[in-house]
Amino acid sequence: MASYDVIVIGAGPGGYVCAIRCAQLGLKTAVVEGRETLGGTCLNVGCIPSKALLHASHMVHEAEHNFAQMGIGVARPKLDWPKMLAYKTGVIEANTKGVEFLFKKNKVDWLKGWGSIPEPGKVQVGEEIHEAKHIIIASGSASASIPGAEVEIDEKIVVTSTGALDLPKIPKKMVVVGGGVIGLELGSVYSRLGTEVTVIEFMDAIIPGSDKEIVRSFQRILKKQGLDILTGAAVSRVETLKTRARVAYKLRKDDSEHELDADVVLVATGRVPFTEGLGLDGLGVTMTERGQIEVDAGYRTNVPGLYAIGDVIPGPMLAHKAEDEGTALAEMLAGQKPHVDYALIPGVIYTTPEVASVGATEEALKEAGRAYKAGKFNFMANGRAKAMMQGEGFVKILADKETDRILGAHILGPNAGEMIHEICVAMEFGAAAEDLARTCHAHPTTSEAVREAAMACGDGPIHA
Ligand code: FAD
């Protein structure tokens, strides 16, 4: 039996970041991880592999559609799918090994195996029982099924994102159930590789909860790229035939029933917290109605010495949210007073163009009765975006009508996922749109569109 200050269960971005920060702050720390590799969903079957395939498939798209316009003559790219998957695996390995290295560097012990909590202050891994002053649950999430539908996931024909990242061959036809971030990213990957992709979304638009103006433009662009998007459609059944699957759905507007056949059906209807095998029932841990672990502002559960962070607690299921909670909790355990600003967690969709947002949407401001102004700037008028042949989309900054304080920002366009951060920083410092507008931005950059959108909150942009 070993004794620790902190044992973290789960080595995803919440758990591994928390453990490293604990170790940096002088706490004796171990992490229990049941997977063969560290990094959790994010590094193994989430953020990183999906971005590797998005990058590779974007290169294919560039070669097929844009090279010729720039005077680069190449033969039609020949796809070597096993090699593309091997490239993705290499990216995963480099990242998971990186976390292993960081554990060694910071003297964080990796307790290999699946952990459970037989009683407060104790963690069991296999036959071994370890003691800890603080136990942190960072066990993450798993793919959800389709609510109210009959579906059997075999990870071959009917797959979750995990299976979709490792298909044996590129399907001819794919149905994606769910028009959220994961469905659209993976749908884009296969569409670029030649698959006929149909996205079926229950709500009336894709990426529910996002700024409506962004969604309208984004949906139009995706359709132009070849994705077939059906909204307001409820999937009732996914039936596996021998080598294909059949999806039955009902259009909500007229209750008409339809069927679609596909080689692969990707179920991308969201994720649910994962707490199996931890022994939370026995400990009497309070859970929310949605199966998340209930915590207070200090990530404490109702059981003394037991904490939880990341996808397993309420809030957006995002790697950077989990990381920030991990860091904050470690600092709290070391006696510091950190703070996570939940109003300023950016969200990014890594398609082309990218979508990024932070803070309030126009719809939320209207609903709250807040007087605001919206400054918009199109990438069509941005020199750098045009040079990259990515002039689609726009930046929209929402600011308080009276004080000019930035309340939210929404970007659809090239590098949106990078550019959003200057707005996050500005908002952290309570900046006004004028502060952004008066800050010198290098030319030519796509970030100039952010500045011009900020100018549009005042007297108006220069280039429009
Ligand atoms: P996880 O990363 O899920 O890690 C939990 C770990 O705990 C797992 O490794 C699991 O094996 C381990 N574990 C669970 N129970 C036990 C136990 N009893 N004993 C030992 N180990 C245990 N987020 C973004 O911010 N950006 C993106 O671009 C993005 N893309 C995504 C793409 C896909 C396809 C998917 C599926 C997710 C994506 N996400 C993205 C979401 C992101 O992966 C999660 O929000 C993030 O991984 C949550 O981190 P976590 O530490 O809470 O849990």
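Considering only segment 131-139, I want to know if a residue exists there that is among the hydroxyl-bearing types (Ser, Thr, Tyr), under 18 Å from GLU36 (Cβ atoms), in a loop (DSSP other than H, G, I, E, B) and in contact with a helix residue (DSSP H, G or I) (Cβ under 8 Å, 6 or more places away or on another chain). Let's see the steps before the verdict.
To start, the set of residues in segment 131-139 that are among the hydroxyl-bearing types (Ser, Thr, Tyr) comprises 139.
The next check asks that each one be under 18 Å from GLU36 (Cβ atoms); those that pass are 139.
This time we only want the ones that are in a loop (DSSP other than H, G, I, E, B), so: 139.
Filter again for in contact with a helix residue (DSSP H, G or I) (Cβ under 8 Å, 6 or more places away or on another chain), leaving 139.
Among the residues of segment 131-139, at least one is among the hydroxyl-bearing types (Ser, Thr, Tyr), under 18 Å from GLU36 (Cβ atoms), in a loop (DSSP other than H, G, I, E, B) and in contact with a helix residue (DSSP H, G or I) (Cβ under 8 Å, 6 or more places away or on another chain), which makes the answer yes.
Could you tell me whether any residue of segment 96-103 is of a type in the set (Ser, Thr, Tyr), assigned by TED's automatic domain parsing to the domain that holds PRO304 and within 30 Å of GLY282 (Cβ to Cβ)?
no
In the list VAL264, VAL215, VAL272, VAL235, which residue meets the criterion of being touching a helix residue (DSSP H, G or I) at 6+ places or on another chain (Cβ under 8 Å) and of a type in the set (A, V, I, L, M)?
Numbers: VAL215 fails: touching a helix residue (DSSP H, G or I) at 6+ places or on another chain (Cβ under 8 Å); VAL272 fails: touching a helix residue (DSSP H, G or I) at 6+ places or on another chain (Cβ under 8 Å); VAL235 fails: touching a helix residue (DSSP H, G or I) at 6+ places or on another chain (Cβ under 8 Å).
Only one candidate qualifies: VAL264.
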ALA308 vs. criteria surrounded by 22 or more Cβ atoms within 10 Å (Cβ to Cβ) and within 14 Å of the ligand (Cβ to nearest atom) = yes
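Just to verify a result, which residue in segment 1-27, among those that are near the ligand (Cβ under 7 Å from one of its atoms) and in contact with a strand residue (DSSP E or B) (Cβ under 7 Å, 6 or more places away or on another chain), is farthest from GLU354 (Cα to Cα)? Before the answer, list the steps.
Taking segment 1-27 first, the residues near the ligand (Cβ under 7 Å from one of its atoms) are 9-15.
So of that shortlist, the ones also in contact with a strand residue (DSSP E or B) (Cβ under 7 Å, 6 or more places away or on another chain) come out as 9-11, 15.
Details: ILE9: 33, GLY10: 30, ALA11: 28, GLY15: 28 Å.
By that ranking, first place goes to ILE9.
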Residue hits (segment 141-188; in a helix (DSSP H, G or I) and within 12 Å of the ligand (Cβ to nearest atom)) are SER161, THR162, GLY163, ALA164, VAL181, ILE182, GLY183, LEU184, GLU185, LEU186, GLY187
Residue set GLU276, GLU323, GLU294; condition among the charged types (D, E, K, R), within 19 Å of the chain's Cα centre (by Cα) and at pLDDT 95 or above; output residue GLU323
Those residues of segment 28-54 that are outside any loop (DSSP other than H, G, I, E, B) and either within 12 Å of the ligand (Cβ to nearest atom) or not assigned by TED's automatic domain parsing to the domain that holds VAL108 (or both) come to a total of 18
Based on what the data block shows, is ARG216 farther than 15 Å from ALA164 by Cβ and without any contact (Cβ under 8 Å) to a residue 40 or more places away in the chain? yes
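Could you go through segment 57-73 and let me know if any residue there is within 16 Å of the ligand (Cβ to nearest atom), assigned to a helix (DSSP H, G or I) and out of contact with any His (no Cβ under 8 Å at 6 or more places or on another chain). Show your work before the answer.
Taking segment 57-73 as the starting set, the residues that turn out to be within 16 Å of the ligand (Cβ to nearest atom) are 57-58.
Narrowing further to those that are assigned to a helix (DSSP H, G or I): 57-58.
With out of contact with any His (no Cβ under 8 Å at 6 or more places or on another chain) added as a condition, the list becomes 57-58.
Checked segment 57-73: at least one residue is within 16 Å of the ligand (Cβ to nearest atom), assigned to a helix (DSSP H, G or I) and out of contact with any His (no Cβ under 8 Å at 6 or more places or on another chain).
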When restricted to GLY40, GLY26, GLY71, the only residue surrounded by fewer than 24 Cβ atoms within 10 Å (Cβ to Cβ), in contact (Cβ under 8 Å) with a residue 24 or more places away in the chain and at positive phi is GLY26
- prompt: On the given criteria, is LEU398 farther than 30 Å from GLN69 by Cα and under 25 Å from the mean Cα position of the chain (by Cα)?
  reply: yes
Inside segment 239-261, the number of residues satisfying the requirement of being assigned to a strand (DSSP E or B), under 20 Å from ASP204 (Cβ atoms) and not hydrophobic (A, V, I, L, M, F, W, C) is 4
(request) Kindly check whether there is at least one residue in segment 288-297 that is within 15 Å of the ligand (Cβ to nearest atom) and crowded, with 22+ Cβ neighbours inside 10 Å. (result) yes
Selection over segment 1-20 where residues are buried (at least 24 other Cβ atoms within 10 Å of the Cβ) and on the phi < 0 side of the Ramachandran plot yields a count of 13
Exercise. Right, GLU128: of a type in the set (D, E, K, R), within 14 Å of the ligand (Cβ to nearest atom) and more than 17 Å from SER50 (Cα to Cα) or not?
Worked result: yes
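The values are calculated or read from the model by the stated rules, or taken from the named source; none is laboratory data. These numbers were taken from a predicted model, which means no experiment stands behind them. Here Cβ is always computed from backbone atoms with ideal geometry, including for glycine, and neighbour counts include all displayed protein chains.
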